[in-house]
Amino acid sequence: MMDTLPLHPAQAAVLDRLKSLPKGKAQDFIQTLQKQCKARKLYYKADYQPLGLTPFVLTREVLPTLKALARTIFRFQLKAPALFRANVGGFSNLIRLERRTAAWFARYGKRDARPWELLVRPDFGLRPGPDGRVPPSLYEFNSCMLGGIYLHSESLEIIEQEGLPGLGLSSRRLGILPSPHLLGFLRGWLLDCRRRAGHDDGGGIAFLESLPPGGGFSELPQITEYFRRRGHRVAHGDPRSLELRNGRVTLRGMPVSYAYRDFSFEDVSGPDNRRMRAFAKLWEEHRVAPAFPSDFDQKGILECLSSPAFHRLFSREDVRRLRAHVPWTRVLSSRRTDSLEGKSVDLPAYAARTRERLVLKPSWESGGEGII
């Protein structure tokens with residue numbers, strides 16, 4: 001049985017208004033929101049998904065913990081390439097780069113990333129504890145192929161402009177602050193990356209992904225249009241469609257000053273492929289974000305946060321926080337390790353013996369696929 005979160009007063013107020021709507025008005029309200037979802041193209045794979053219209057409320061007491069966890073995660077992932085190169089604590093045995101990614105890393109992975117070249121969107125779960133508190137639990141990092149930014153931002157606008165006013169409510173009246181607008185945050189981050197890298201040379205921003213996108217799902221066309229409406233020169237395409245013209249990288253005729261990478265190297269070609277030469281030039285000139293730390297956001301990295309073998313890489317306060325908010329995680333292989341109870345165990349045998357308490361996940365996958 002899953003525990004459920006107690007309703008926040010703001011949530012309770014919204015629920016009461018929804019319950020009090022006459023049937024006809026309730027249908028009109030639903031249709032208004034559905035039209036907004038379709039008009040804003042809130043698609044996930046085959047159909048529109050109003051997932052972001054299920055709002056949640058966080059208490060102010062949880063925010064400092066989330067911020068501190070996010071900082072710890074960010075600092076650690078920034079070190080991931082160096083940890084991999086030196087195989088600190090067996091890091092490269094836990095986080096394995098696939099063939100093409102490994103080829104790019106072998107060629108260009110010697111320079112450590114600058115802090116602004118990494119963007120992390122950690123996923124947390126919230127579950128009531130026995131003392132009534134709601135501690136967050138870290139699920140994954142999300143720093144390469146950042147899905148959900150468009151859906152979240154558009155859903156936020158629908159809630160603020162249509163949802164709450166349709167119920168005679170507002171964020172201010174409910175005593176809550178709207179969550180940050182992630183598209184606006186992405187825009188500010190990319191412009192800052194370009195400025196810090198010194199490449200604001202009149203060119204545009206290229207949004208790059210392997211086309212067609214996996215599963216037919218992509219937010220980049222909508223994100224590109226968001227930037228265009230705000231006066232930026234932008235283009236969307238496959239990294240293999242980049243061209244070199246008179247020593248300058250272009251995409252669809254637009255000179256590229258900076259690029260956003262929404263793909264894994266495994267989904268494109270190796271660094272020696274001629275179709276990737278223009279992208280390689282951008283990469284060599286530090287005109288691309290996110291940088292290599294994002295390629296280490298596999299779920300197996302949670303072992304580094306939950307295993308005592310890596311605690312020496314963190315401060316005492318970080319270790320205390322990680323123990324409280326990162327679920328026990330191990331990359332499944334034939335070896336001995338510390339169990340949930342802190343005892344040395346044979347990992348495969350322990351996993352089989354306690355399988356009803358554990359979840360088996362692919363280290364690099366999304367959308368809940370492959371979970372046992």
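The values are calculated or read from the model by the stated rules, or taken from the named source; none is laboratory data. This structure is a prediction, so every number in the text was calculated from the model and none was measured. Here the Cβ positions follow ideal geometry from the backbone for every residue, glycine too, while neighbour counts run over all protein chains shown. Areas reflect the complete protein model, heavy atoms only, side chains present, ligands, DNA and RNA absent. Shrake-Rupley method; radii C 1.70, N 1.55, O 1.52, S 1.80 Å.
Pairs meeting the criteria (first residue in region 139-166 and more than 30 Å from residue 18 (Cα to Cα), second residue surrounded by fewer than 22 Cβ atoms within 10 Å (Cβ to Cβ) and not charged (D, E, K, R), beta carbons under 6 Å, at least 6 apart or on different chains) are 139/125; 141/120; 141/122; 143/120. The residue list 226, 260 contains one member that is crowded, with 17+ Cβ neighbours inside 10 Å, over 21 Å from residue 109 (Cα atoms) and among the hydroxyl-bearing types (Ser, Thr, Tyr), which is 226. Report, by residue number, each residue of region 129-143 that is open to solvent by less than 40 Å² (accessible area, probe 1.4 Å) and more than 23 Å from the chain's Cα centre (by Cα). Answer for region 129-143, where residues must be open to solvent by less than 40 Å² (accessible area, probe 1.4 Å) and more than 23 Å from the chain's Cα centre (by Cα): just 129. Hey, does region 310-322 have a residue that's among the small types (Gly, Ala, Ser), in contact (Cβ under 8 Å) with a residue 12 or more places away in the chain and out of contact with any strand residue (DSSP E or B) (no Cβ under 6 Å at 6 or more places or on another chain)? No: region 310-322 contains no residue that is among the small types (Gly, Ala, Ser), in contact (Cβ under 8 Å) with a residue 12 or more places away in the chain and out of contact with any strand residue (DSSP E or B) (no Cβ under 6 Å at 6 or more places or on another chain).
Return a yes/no flag: does region 268-282 have any residue that is at pLDDT below 95, assigned to a loop (DSSP other than H, G, I, E, B), more than 30 Å from residue 247 (Cβ to Cβ) and open to solvent by less than 40 Å² (accessible area, probe 1.4 Å). Checked region 268-282: no residue is at pLDDT below 95, assigned to a loop (DSSP other than H, G, I, E, B), more than 30 Å from residue 247 (Cβ to Cβ) and open to solvent by less than 40 Å² (accessible area, probe 1.4 Å). For region 194-205, a residue qualifies if it is part of a helix (DSSP H, G or I) and either within 17 Å of residue 255 (Cβ to Cβ) or free of Cβ contacts under 8 Å to residues at least 60 places away in the same chain (or both), and the qualifying residues are 194, 195, 197. Evaluation of residue 80 against the conditions (1) closer than 30 Å to residue 60 by Cα; (2) of a type in the set (Gly, Ala, Ser); (3) open to solvent by less than 20 Å² (accessible area, probe 1.4 Å) shows that the sole unmet condition is (1).
Of all residues in region 130-172, those satisfying the criterion of being among the acidic types (Asp, Glu) and either modelled with pLDDT under 90 or closer than 22 Å to residue 66 by Cα (or both) are 131, 140.
Answer yes if at least one residue in region 238-259 is assigned to a helix (DSSP H, G or I) and in contact with a Ser or Thr (Cβ under 8 Å, 6 or more places away or on another chain), and no otherwise. Yes, region 238-259 contains a residue that is assigned to a helix (DSSP H, G or I) and in contact with a Ser or Thr (Cβ under 8 Å, 6 or more places away or on another chain).
Quick grid of which residues meet (1) of a type in the set (Asp, Glu); (2) part of a helix (DSSP H, G or I); (3) in contact with a helix residue (DSSP H, G or I) (Cβ under 9 Å, 6 or more places away or on another chain):
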| position | (1), (2), (3) |
| --- | --- |
| 187 | no, yes, yes |
| 190 | no, yes, yes |
| 207 | no, no, yes |
| 210 | no, no, yes |
| 218 | no, no, no |
| 223 | no, yes, yes |
| 227 | no, yes, yes |
| 231 | no, no, no |
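For region 283-305, which positions are open to solvent by less than 10 Å² (accessible area, probe 1.4 Å) and over 17 Å from the mean Cα position of the chain (by Cα)? Across region 283-305, the qualifying residues are 288, 303, 304, 305. Applying the condition of being part of a loop (DSSP other than H, G, I, E, B) and modelled with pLDDT under 85 to region 114-128 and asking which residue is least open to solvent (accessible area, probe 1.4 Å) yields 128.
Checking each residue in region 333-361 for being in contact with an Asp or Glu (Cβ under 7 Å, 6 or more places away or on another chain) and either open to solvent by 80 Å² or more (accessible area, probe 1.4 Å) or in a loop (DSSP other than H, G, I, E, B) (or both) picks out only 336. It is to be established whether one or more residues within region 263-275 are without any contact (Cβ under 8 Å) to a residue 24 or more places away in the chain and touching a helix residue (DSSP H, G or I) at 6+ places or on another chain (Cβ under 7 Å). No, every residue in region 263-275 fails to be without any contact (Cβ under 8 Å) to a residue 24 or more places away in the chain and touching a helix residue (DSSP H, G or I) at 6+ places or on another chain (Cβ under 7 Å). When residues in region 84-95 are screened for being surrounded by 14 or more Cβ atoms within 10 Å (Cβ to Cβ) and free of Cβ contacts under 8 Å to residues at least 40 places away in the same chain, 2 of them pass.
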